[in-house]
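The values are calculated or read from the model by the stated rules, or taken from the named source; none is laboratory data. This structure is a prediction, so every number in the text was calculated from the model and none was measured. Virtual Cβ from ideal backbone geometry, glycine too; neighbours counted across all protein chains shown.
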Amino acid sequence: MRANPLLLCPLLLASTAPAVAQAEEDLANLFTQGKPILDLRYRYEHVDQDNALDHANAQTLRTRAGFQTGSWYGFSGLLEADNVSRIGDERFNDTRNGRGNYSVVGDPDGTEINQALLRYDHARGSAVAGRQRIELDNQRFVGGVAWRQNEQTYDGFLGQLKPLDKLTLTYAYLDNINTPFGPDGQHGYPTNPANIEGHSHLFNVAYAWRPELKVTAYSYLLGLDNLAVAPTAAPGSQSSCTSGMRLAGAREGFSYALEYARQRDYGNNPLDLNGHYFLGELGYQQGGYPATRCSAGRRGPATAPSRRRWRPSTCSRAGPTCSSSPRRMASATAMSAAACPCWAAACRPGTTTSRPTRVATATARSWTWPTADRSPM
């Protein structure tokens with residue numbers, strides 16, 4: 001990971017915090033109160049598409065190992081490595097193995113550092129620098145793509161400030177995105193590189209007025225310099241600025257979400273982006289399990305030359321951790337349909353088929369040592 005002066009931000013936050021009386025803490029707490037991490041996740045995925053490709057059958061095992069330190073005056077650290085390995089026959093296209101006659105299951109073999117970070121926690125916020133997990137709101141635009149075996153993580157700085165009760169201000173700077181398609185294949189894969197380079201800025205303001213209403217406003221400026229919307233398109237043609245607002249709440253088992261966003265081109269993107277995103281979601285939970293959760297949305301074209309309109313009406317997140325409906329707007333959460341198989345061929349930009357993709361998966365976590373806490377988003 002490249003050196004970044006933003007790694008000093010937690011130190012700056014600590015030095016500017018008001019002086020308060022603190023009990024002396026032992027530096028050894030970083031190790032004596034730390035926790036080892038060991039997580040094994042076996043998965044079987046079957047993809048049956050109504051096209052000329054052979055059905056895919058993929059068995060993979062993700063092994064995650066690492067160490068979460070304890071806390072010393074608010075400082076802590078995390079180091080975590082992942083390995084994804086194929087089990088059995090290679091009867092699927094993992095986007096790197098050359099098996100183009102099979103449907104895509106985007107879980108290529110490989111080993112890489114998943115998270116390596118320094119964190120500082122304060123009564124009024126937190127700061128995280130390094131390679132880290134970032135999940136904002138429903139992860140429609142920024143998330144970890146946890147549906148895939150190789151989690152998507154981000155290199156940069158994340159700061160959270162809580163100046164008032166119920167108000168949370170979030171800013172993140174990113175200079176690299178480690179996609180689910182890594183660690184191999186940085187060059188020669190314009191639509192799904194292992195790492196997406198560029199300078200991105202994430203702004204998110206959330207006010208949790210009461211359980212029945214949380215208001216969130218956001219603007220995500222994604223500079224995706226080496227990512228193209230198509231194999232023959234110019235690099236950076238998915239760079240975008242997405243601004244929107246989200247209302248969500250729950251009461252007596254019922255929940256709802258309303259959201260609108262507009263996406264325009266950003267940075268050196270040669271395309272003229274002008275997309276609109278609408279989301280309406282209603283859910284009911286009974287006995288600790290969601291009984292129903294359905295949504296309806298509408299998205300405009302991803303680029304100005306394409307004037308097709310597509311109006312989805314789907315069940316939201318019924319199984320995998322995916323978007324509420326297939327992608328029409330660019331996002332940092334997932335850069336192509338291969339990242340999440342619930343985006344069928346009919347849902348990818350530029351396709352005209354209306355036939356569905358059938359995906360069956362079975363995921364088992366065989367044994368887990370206490371895993372580090374997830375991002376505070």
Are any of the residues in the range 172-190 over 26 Å from N97 (Cβ atoms), out of contact with any His (no Cβ under 8 Å at 6 or more places or on another chain) and modelled with pLDDT of 95 or more? no
Only residues that are surrounded by 13 or more Cβ atoms within 10 Å (Cβ to Cβ), assigned to a loop (DSSP other than H, G, I, E, B) and in contact with a helix residue (DSSP H, G or I) (Cβ under 9 Å, 6 or more places away or on another chain): list them for the range 20-69, please. D50, T69
Are any residues in the range 237-256 within 19 Å of the chain's Cα centre (by Cα) and either within 19 Å of I196 (Cβ to Cβ) or of a type outside the set (S, T, N, Q) (or both), and if so, which ones? Q238, S239, S240, C241, T242, G244, M245, R246
Report, ordered by the first and then the second residue, all pairs with beta carbons closer than 6 Å, sequence separation of six or more or different chains, a first member in the range 223-250 that is among the β-branched types (V, I, T), and a second member that is assigned to a loop (DSSP other than H, G, I, E, B) and surrounded by 19 or more Cβ atoms within 10 Å (Cβ to Cβ). V229/S237; V229/Q238; T242/F141
Could you tell me whether D165 is over 30 Å from H46 (Cβ atoms), charged (D, E, K, R) and at pLDDT below 95? yes
How do the pairs read when you match residues in the range 26-42 that are modelled with pLDDT of 95 or more with residues anywhere that are surrounded by 14 or more Cβ atoms within 10 Å (Cβ to Cβ) and of a type in the set (D, E, K, R), using Cβ under 7 Å and keeping only pairs 6 or more apart or on different chains? I37/R64; I37/E80; D39/R64; R41/R62
Quick one: in the range 149-174, which of the residues that are among the acidic types (D, E) and surrounded by 18 or more Cβ atoms within 10 Å (Cβ to Cβ) is nearest to D39 (Cα to Cα)? E151
Could you tell me which numbered condition D272 fails, if it satisfies all but one of (1) modelled with pLDDT under 95; (2) among the acidic types (D, E); (3) buried (at least 19 other Cβ atoms within 10 Å of the Cβ)? (3)
Among (1) modelled with pLDDT under 95; (2) in a strand (DSSP E or B) - the single one G100 does not satisfy: (2)
